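Working notes, beginning with the structure itself.
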Amino acid sequence: MAAMPGLASAASSANAEFKVNLTINPDCNIDATDLNFGRHSTLENGATATSHLDVTCSHGTPYSVGLNAGNVKDSTLSNRLLKGGAGNAETVAYQLYQPDNKKVWGDTDANDRMAAVGSGFSQQYVVNGRIPTGHATPRPDDYSSIVTATVYF
């Protein structure tokens with residue numbers, strides 16, 4: 001076969017190199033389920049309930065998870081409060097604990113938070129809620145608070 005006019009013979013070649021890149025940025029996402037103490041006619045014996053946090057962080061990313069005091073006025077990390085509905089100023093004290101059910105789960109600093117390293121997959125944590133025994137029972141109503149769970153990375 002004759003070479004086409006103006007084209008070099010196929011016996012010659014030239015090369016070029018190029019770099020292929022991929023950057024994995026540290027990233028985390030967090031989801032939470034509601035914690036429901038249920039229905040009670042008295043709080044004399046207290047109450048317990050659990051919630052779950054699902055944390056997904058990039059593989060190898062160190063992170064910590066904190067829980068704030070909630071959105072009820074005067075609620076603190078050491079004295080979390082649930083508040084009744086509109087027109088009801090009564091509150092119910094409760095506390096949230098880390099999965100070991102011994103350490104209060106807070107958000108003041110790294111000592112209050114739950115620390116781990118991301119696996120690239122969802123990691124689930126149990127939030128243990130407790131209303132202490134002997135709590136005075138407020139008037140009938142629905143008592144609630146909104147707690148914010150934050151993942152720091």
message = For segment 60-101, give me the residue count where each residue is among the basic types (Lys, Arg), closer than 14 Å to residue 130 by Cβ and out of contact with any Gly (no Cβ under 9 Å at 6 or more places or on another chain).
response = 0
query = How many residues, within segment 69-80, are over 20 Å from the mean Cα position of the chain (by Cα) and either surrounded by 14 or more Cβ atoms within 10 Å (Cβ to Cβ) or closer than 14 Å to residue 147 by Cβ (or both)?
reply = 1
note = Counted residues in segment 103-153 being in a loop (DSSP other than H, G, I, E, B), of a type in the set (S, T, N, Q), under 21 Å from residue 29 (Cα atoms) and at pLDDT 95 or above come to 2
request  = Consider residue 86 carefully, then state whether it is over 25 Å from residue 56 (Cβ atoms), small (Gly, Ala, Ser) and free of Cβ contacts under 8 Å to residues at least 60 places away in the same chain.
outcome  = yes
request  = Search segment 45-62 for residues being touching a Lys or Arg at 6+ places or on another chain (Cβ under 9 Å) and assigned to a strand (DSSP E or B), and hand back the single one that is surrounded by the most Cβ atoms within 10 Å (Cβ to Cβ).
outcome  = 47
key: Selected residue (only one of 6, 70 is on the phi > 0 side of the Ramachandran plot and modelled with pLDDT under 95)   = 6
query = Is it the case that residue 100 is assigned to a loop (DSSP other than H, G, I, E, B), of a type outside the set (S, T, N, Q) and within 21 Å of residue 148 (Cβ to Cβ)?
reply = no
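The values are calculated or read from the model by the stated rules, or taken from the named source; none is laboratory data. Remember, it's a predicted structure, so these values are computed and weren't measured experimentally. Please note: Cβ atoms are built from the backbone with ideal geometry, for glycine as well, and neighbour counts cover all protein chains shown.
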